[in-house]
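Please treat every number below as a calculation from the coordinates, not as lab data. Here the structure is a predicted model, which means the values were calculated and not measured. Heads up, the Cβs are rebuilt from the backbone with ideal geometry, glycines too, and the neighbour counts pull from every protein chain shown.
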Amino acid sequence: MKHLLRILCIGFGFILPAAMPCHAQEEIIIEMHGTPDNLPDGISVWEKNCSQLTRLLRGKTREYALYRITSVSSYDDILRTPSGKKYALVRYGSEDGDFRKLLFHAKDPQHFIACASNATEVIAMQKKYDLQVGLHLKTFLKTYGETATLSNLVDEKNGKIYPAYRVVFSSPFAKVPDVRYFLFDDEMLVRTFASEDAFFEFMNKLSKQNKEISLAREQQQKEKLAQEEKKRQERLKKQNRPVRKALVSGGTVEDRMYMPRAVNATPLPPLTPGKTPAGTPEIRTQF
């Protein structure tokens, strides 16, 4: 056997010492450690509802989630609550159509918080986090159009009419029904009132503001009409001003041609007969 190996090695151009046998190359084994990822390689938000997306993204960061999601986002921004707390919102789809809204903490590492895909989920998200994440009127009416009560609020200052919808949220676990009002401007939700008292307070303030603006406009209109009447009276006074006519009854033909036919209403001083120059035409005044 050794003789055969020596022949093979020499045949391939290798000279091996007699004492060194040929050994087979050892197999190299690389071990991989770490926990397997529980997210699939690619996530399409349109193939999952919010419950499924929440299970997949719970505990994940915004960067990691967006890397795994294959859908293209249409909106990505940092939102702030009235108290100053910040959140990161990512929207897929359009406001007035199908959408998925993913909410993350704005502070690193920006962990996933919640998901919304309809009006009910958006309202719940806004109530829990005191955050306006955007709700289109079309989306709202798709869910609450048959049960909501509409009130139109007039804003004289901005020249707008705001549709406000009253919705009663009933629950078997709540002793008192939850009544809320939703105010829209340019077909987007701009304000939510958590009680009827809060809504009526806003409505009374708006009504008072409208009344003050109406009174100010009426006063301006009265002053404008008074100024126009004053100008009209001045024009009439000028038109009715008396005009005194002077007729020429003497003098030459040239005097009659070029003597003025009308003078203003200021009386002319009478001529003294003894001092009247010769050839002065006689002036007769008629009224």
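Kindly provide the trypsin sites (Lys or Arg not before Pro) of segment 141-227 that DSSP labels as loop, not H, G, I, E or B, and whose Cβ sees at most 12 other Cβ atoms within 10 Å.
Details: sites: Lys142, Lys157, Lys160, Arg166, Lys175, Arg180, Arg191, Lys205, Lys208, Lys211, Arg217, Lys222, Lys224; in loops: Lys157, Lys175.
Of the trypsin sites (Lys or Arg not before Pro), the ones in loops of segment 141-227 whose Cβ has at most 12 other Cβ atoms within 10 Å are Lys157, Lys175.
If R₀ is 25 angstrom, what is the calculated FRET efficiency for the pair Phe169 and Asp98, using the beta carbon separation as r and rounding to 0.05?
Numbers: r = 24 Å, r/R0 = 0.96.
Efficiency at R0 = 25 Å is approximately 0.55.
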(request) Mind giving me the nanometre distance, one decimal, between the label points for Thr120 and Glu146, set 7 Å out from Cα along Cα→Cβ? (result) 1.3 nm
(request) Please identify which residues in segment 137-151 have an amide N closer than 18 Å to a label point set 7 Å out from the Cα of Val179, following the Cα→Cβ vector. (result) 147-151
(request) Would you kindly state how much longer the chain becomes between Glu228 and Asp76 on full extension, computed as 0.36 nm times their sequence separation minus their alpha carbon distance, in nm to one decimal? (result) 49.0 nm
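Extension gain Arg55-Asp130, at 0.36 nm per residue separation less the Cα-Cα distance, in nm? Write down the numbers at each step before the final one.
Values: separation 75, 0.36 × 75 = 27.00 nm, distance 2.33 nm.
Full extension from Arg55 to Asp130 adds 24.7 nm.
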